[in-house]
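Report on the structure given below.
The values are calculated or read from the model by the stated rules, or taken from the named source; none is laboratory data. Small disclaimer: the values here were computed from a predicted structure and weren't measured. Cβ placement follows ideal geometry from the backbone for every residue including glycine, while neighbour counts extend to all protein chains displayed. Keep in mind that these areas ignore ligands, DNA and RNA; they rest on the heavy atoms of the full protein, side chains included. Shrake-Rupley method; radii C 1.70, N 1.55, O 1.52, S 1.80 Å.
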Amino acid sequence: MFDKERFIDDCRAALKEHSPQAAIRELVAKAVSEPGQITRAFGEPRRAGVETVYKADDLTILNLYWGPGMSVRPHDHRMWAVIGIYGGREENVFYRRGEHGLTRHGTKALEAKETIPLGASIIHGVTNPLERITAALHVYGGDFFAQPRSEWDPQTLHEQPYDVQNTIRAFEESNARLA
Ligand SMILES: [Fe+2]
């Protein structure tokens, strides 16, 4: 049975483990293994958006609803992360910094009940390819909102400081399609 407060407590305790990211991946895997339980805790998703479940200097937990067809441009996190999907599908494109800017170097589609650990230097873009909401639990090993980081223009792959307005716009456009 998924309980939001207990999940936060478990994640906080996991930070004291030898490998916090591995310990938190286990917690996220357990949580998304029963999608119905998480949906019950957070409520049925109706709109694209992000809910901050927990935020501290050393830990951020987000409940994300990627709207239909929504894409988030390539970005980095500069802290480790664990992603778990509990509804729909999330398509990741991974990039590397190269001599001539960013180059694609792999993709990974995540289905419900799947998790993926991301290293601190990872650069990825995320798309929900479905005509319905994709629900994801994201846990970060730091203060995700305070960390200065980068994003890349989706057309030119030019690096620029992360601008939350671009993400907000992606959510809004997706919600307009949902309406
Ligand atoms: Fe990300």
Checklist outcome for this item: Among 60, 39, the single one that is within 16 Å of the ligand (Cβ to nearest atom) and either modelled with pLDDT of 95 or more or of a type in the set (Ser, Thr, Tyr) (or both) is 60
Checklist outcome for this item: Of the residues in the stretch 100-157, those that are in a loop (DSSP other than H, G, I, E, B), within 14 Å of the ligand (Cβ to nearest atom) and without any contact (Cβ under 8 Å) to a residue 60 or more places away in the chain number 4
Checklist outcome for this item: If we ask which residues in the stretch 38-64 are open to solvent by 40 Å² or more (accessible area, probe 1.4 Å) and in a helix (DSSP H, G or I), their number turns out to be 2
Checklist entry - If you take the residues of the stretch 65-96 that are touching a residue at least 60 places away in the same chain (Cβ under 8 Å), crowded, with 22+ Cβ neighbours inside 10 Å and within 23 Å of residue 13 (Cα to Cα), which of them is farthest from the ligand (Cβ to nearest atom)? => result 82
Checklist entry - So which residues in the stretch 71-92 are farther than 24 Å from residue 36 by Cβ, assigned to a loop (DSSP other than H, G, I, E, B) and over 11 Å from the mean Cα position of the chain (by Cα)? => result 78, 79, 80
Next on the checklist: Whether any residue in the stretch 97-114 is open to solvent by less than 20 Å² (accessible area, probe 1.4 Å) and within 30 Å of residue 9 (Cβ to Cβ) is what I want to check.
Outcome noted: yes
Item to check | Matching residues in the stretch 158-179 - criterion: being in a loop (DSSP other than H, G, I, E, B) and touching an Asp or Glu at 6+ places or on another chain (Cβ under 8 Å) | outcome: 162, 163
